[in-house]
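What follows draws every value from the coordinates through simple rules; no lab data is involved. Predicted model only: the values in this text are computed from it and were never measured. Glycine also receives a Cβ, built like all others from the backbone with ideal geometry; neighbour counts cover every protein chain displayed.
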Amino acid sequence: MKCRVCRGPAVLDIRRHNAAFCRDHFLAHCREQVHRAVHEHKMFDEGDRIVVAVSGGKDSLALWDLLADLEHDVDGLYLGLGIDEYSDESLRHARGYARAHGRKLHEIDLAADMGFTVPAAAATTHRSPCGACGLSKRHIFNSFARDHGYDVVATGHNLDDEAAVLLGNVLRWETGYLGRQHPVLPATPGFVRKVKPLVRLGEREMAAYCVLRGIEYQVEECPMAEGNRHLGYKDALNALEDRSPGSKAAFLFGFIERVQPQFASVAEGERDALNPCGKCGSPTSGEICAFCRLQERAANAPSPGEE
Ligand code: Q46
Ligand code: ZN
Ligand code: ZN
């Protein structure tokens, strides 16, 4: 296996590109793919302040590293979900990276700062843990960025993540979600811009990137992921990709280029019907936003044994 660029020994092959790369040219390939995604979708404006949603996993740490490497003005925000040792370990990796590279990491802890944890929220509201978790993340990353002068929130969703979400949305014909599934969601009143600069890179590439850059990351899967439908969609897409390399990328990028614009008006209609939450001011379709309702119920729930 030889590097496509220099013909030296390759460390990784990427079947969908029909190419293999040595260490240095693989890292250059990752930078190039991020650079391409950023420019193709006009993710950033000159002088934008970016905050990366850092989980301590491979994708978010690689994203932080890549954006800083491409000379963007980028800090990190870690959100502690209160999922026992998994969260402790994740924080350790997020802090470890920030310290080793001299980067600024903000931290918010759901338990200490918001009065609840993801497991408690799931138990009291009968939502799935991932539903309560996703809602909290979206709300907190957006409001933090808005209140601290950041122009953009960047998340580490990669090609595998986005293709799996797309498959789920197509299977249910979730037209509102399909209209919002794009590598860039522009800023609207109350929402900062959201971008996904890793859409052109796969999961395996992100793990290899971290290993080759010496970035230690949380390797364990979140213990609450069990039952998460996206894992099944990923398996299905991996089986397709195995038989015909490139199908995942064709599925996602074909959608983004040719289909997503047709659903954009559905998402716009939903967005136009929003007004500020009576409690926190974030845009919502009701009087009180879903996050404030979740927080109120989870934080006021009796602890086990009190009932
Ligand atoms: S952290 Fe949260 Fe994930 Fe764990 S509870 Fe689900 S959504 S699986 S990215
Ligand atoms: Zn090379
Ligand atoms: Zn609210």
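Per residue of the chain, what 222 nm ellipticity follows from adding -39500 (n - 2.57) for every DSSP H run with n ≥ 4, rounded to the nearest 500? Intermediate values should be presented prior to the final figure.
On the way: 12 runs with 152 residues, N = 307.
Mean residue ellipticity, 222 nm, calculated: -15500 deg cm²/dmol.
Go through 209, 240, 290 and say which Cα lies farthest out towards the positive end of the charge dipole of the range 43-299; charges sit on Cβ, +1 for Lys and Arg, -1 for Asp and Glu.
290
Describe numerically, in nm with one decimal, the distance between label points set 7 Å from Cα along Cα→Cβ at residue 92 and at residue 73.
3.5 nm
Pulled fully out, how much extra length does the chain show between residue 174 and residue 250, if you take 0.36 nm times their separation in residues and subtract their Cα-Cα distance? Intermediate results must be reported in sequence, preceding the final value.
Values: separation 76, 0.36 × 76 = 27.36 nm, distance 2.01 nm.
Stretched fully, the residue 174-residue 250 segment lengthens by 25.3 nm.
Express in whole angstrom the spacing between the alpha-carbon centres of the range 234-275 and the range 121-179.
15 Å
Between residue 28 and residue 99, with labels modelled 7 Å along Cα→Cβ, what's the label distance in nm to one decimal, could you check?
My value for the distance between the label points is 3.5 nm.
First select every other residue whose beta carbon is under 11 angstrom from the beta carbon of residue 33; then total the charges, Lys and Arg +1, Asp and Glu -1. Present the calculation step by step, with values, prior to reporting the outcome.
Working: positive: 31, 36, 200; negative: 32, 40, 205.
Neighbourhood net charge equals 0.
Test of the criteria: in the range 67-176, which trypsin sites (Lys or Arg not before Pro) are in a DSSP loop and have at most 14 other Cβ atoms within 10 angstrom of their Cβ?
104, 172
Check cross-link reach from residue 42 to the lysines: straight Cα distance under 16 Å, and skip same-chain residues fewer than eight apart.
Of all the lysines, those that pass the test against residue 42 - Cα under 16 Å, at least 8 places apart if same chain - are 194, 196.
Highest mean first, how do 179-185, 266-272 rank when packing is the count of other Cβ atoms within 10 Å averaged over residues? Working shown, then result.
Values: 179-185: 20.1, 266-272: 14.4.
Sorting 179-185, 266-272 by mean packing, highest first, produces 179-185, 266-272.
To the nearest 0.05, how large is the calculated FRET efficiency for residue 42 and residue 229 if R₀ is 22 Å and r is the Cβ-Cβ distance?
Numbers: r = 32 Å, r/R0 = 1.44.
Given R0 = 22 Å and the Cβ-Cβ separation, E is 0.10.
Sort the following peptides by mean Cβ neighbour count (other Cβ atoms within 10 Å, averaged over residues), highest first: 152-159, 69-76, 52-59.
On the way: 152-159: 23.6, 69-76: 17.2, 52-59: 25.4.
Result, highest mean first: 52-59, 152-159, 69-76.
Placing +1 at every Lys and Arg Cβ and -1 at every Asp and Glu Cβ, with all other atoms neutral, what dipole size does the range 174-297 have around its Cα centre, in debye to the nearest 20? Could you put the intermediate results ahead of the total?
Values: 16 positive and 16 negative charges, 62 e Å.
I would put it at about 300 debye.
Please report, ordered by residue number, every helix of the chain (full DSSP H runs) that is 20 Å or longer along its axis going by C-alpha atoms and whose mean Kyte-Doolittle hydropathy reaches -0.5.
Values: long enough: 23-40 (25 Å, -1.07); 84-101 (26 Å, -1.63); 129-147 (27 Å, -0.24); 229-243 (22 Å, -1.12).
Span-like helices in the chain: 129-147.
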